[in-house]
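The structure appears below as structure tokens.
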Amino acid sequence: MNRHMSRGGLRVSRGGLRATIVPVVLFAAVLAGCSDNSSTAGGSSAAASSAAATVSATQSAADVLAENQADHGAGTAVTWDAASATTITLSGGSASAGGAGVQVKKSTVTITAGGTYRLTGTLNDGQIAVAAPEATVTLVLDSASISNASGAAIAATEAKQLIIVLADGTRNTLGDTTTYAEDAEANAALFSAADLTIGGGGTLTVNGKGNDAIASKDGLVIQSGTLVVTAADDGVRGKDYLVITGGTVTVIAGGDGLKADNAEDSDRGYVSVTGGTVTVTAKGDGIDAATDVLVTGGTLKATAGGGSGGKATEDTSTKGIKSGVITVLERGTVTVSAADDAVHSGGAVHLNGANLTAASGDDAVHAEGAMAIDGGTITITASVEGLEAKEITLNQGTVQVVARDDGVNAAGGTTDQAADQGAGQPGGGGGPGGDAVGDYS
């Protein structure tokens, strides 16, 4: 990823309430009455900060992904062969298995070898454990219900890859403990220390009562299926990356909704949505990526901190979509409502064709560095400031802004001149405490 490009040659275009924007770069010094550039409760990670400071806002999603670690599920749909699967029948407080590679001790089922295992029935206060080093284990949930009062429902602590298949037309549930020890390795209702893939045509309901609902310490890919996730903390978390390519994913989280938190490696810690229908309601951030957030298809709806009518605090980050380095919204439909910024990046934002509707208790779209708009429809229905970045380039697309302060604010640099679009201008009703309505197309 070209994370070290900066832009120059700044030009200013000023207009009235309604303006036609030719390709320009907007620039302004910070003025009294403009909103504070600092972010509330959680900016970019330390590992990403140096890259974020000068990242180019002209990159496409493909450009960004080309420099990131490839996801393990790229181009490969999950499948399973019923004839070769070992069936594990869950029977309340015990289980039985019809093949090798499975050990059953009371209500704990331990899988010790690679292969495909079909789980059916109900397991009360038990666990499916995977201890198969360097092996790929496929678990087919076929009308399976697993709960555990003392830990994770599924805990894959040793494996090369864990694949969860939701058998077509089935309903499956996972539930975990209400309390985890601080040093617990498996600390989510569905936990994998290895790469995790979820697919199939069934439904999975996950209730993460003690911490996260679904978590992988490596990468996590959701290909298909219907997932209904509730979590005390984070809803769906992949440390290296979280990639959603299809399916219907609904998340209600006490912490962040979707998360990738590897802040140590610059090519990891990203969230990518390429398809499917994703709905997130989070008390924290809707989407939180240590590096990049990329949306290239599907439908994404995120509500953070109670939405734009909520109250942002210094204690909890409540941004709708947050990235440490760059956010690229390239295709698809994105709707965000957040107590803090609706779309926020510690580096750059590239609006490159997605249809974005945003409502915010602060900035609707905020970049600590540069912002570029190269297509799509951006509709901001509520904000303090509509678009805010050090540099803002509007090339193509339609932008409609409702803001209490500045509609477009390019704030930063070394000059005393201000170019605040759609605020403080004749007929604009802008300025501190005023309403600015801008229509830029």
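In the context of the full protein assembly, T357 retains an accessible surface of approximately 50 Å², using a probe radius of 1.4 Å and ignoring ligands and nucleic acids.
Out of region 67-125, which trypsin sites (Lys or Arg not before Pro) are coil in DSSP terms and have no more than 16 other C-beta atoms within 10 Å? Hits after loop and neighbour filter: K106. In units of the rule-of-thumb radius 2.2 N^0.38 Å, region 241-316 shows an alpha carbon radius of gyration of 1.10.
Using 27 Å as the Cα-Cα cut-off, could you pick out the over-long pairs in K106/K209; K209/K283; K105/K239; K105/K209? The answer is K105/K239. Our summary of shape: the Cα atoms of region 278-349 have principal axis extents of 30, 23, 13 Å, ordered from largest down, in whole angstrom.
Report note on the peptides 88-101, 216-229, 120-133, 186-199: ranked by the mean count of other C-beta atoms within 10 Å, highest first, their order is 186-199, 216-229, 120-133, 88-101. Both numbers refer to the Cα atoms of region 49-143; Rg and Dmax are 20.1, 58 Å. When only alpha carbons of region 61-100 are considered, Rg and Dmax amount to 18.9, 51 Å.
Classified by the C-alpha gyration tensor, region 224-383 has a rounded form. Its axis ratio a/c, with a ≥ b ≥ c, is below 1.5. T87 sits among other residues whose Cβ lies under 11 Å from its own Cβ, and their net charge, with Lys and Arg +1 and Asp and Glu -1, is 0. Around the Cα centre of region 243-311, unit charges on the Cβ atoms of Lys, Arg, Asp and Glu (plus for the first two, minus for the last two) sum to a dipole of about 420 debye.
With the cut-off at under 18 Å, measuring from each backbone N in region 126-159 to a point 7 Å along the Cα-to-Cβ line of A100 picks out 131-138. Surface composition of region 100-205: carbon plus sulfur atoms hold 43% of the accessible area, using a 1.4 angstrom probe and ignoring ligands, DNA and RNA.
By definition, a body whose alpha carbon gyration tensor gives a ≥ b ≥ c is rounded when a/c is under 1.5, and region 181-288 falls into this rounded group.
The values are calculated or read from the model by the stated rules, or taken from the named source; none is laboratory data. Predicted model, so just to flag it, every value in this text is computed and none were measured. Cβ atoms come from the backbone with ideal geometry, glycine included; neighbour counts cover every protein chain shown. Just the protein is used for accessible areas: all its heavy atoms, side chains included, with ligands, DNA and RNA removed. Shrake-Rupley method; radii C 1.70, N 1.55, O 1.52, S 1.80 Å.
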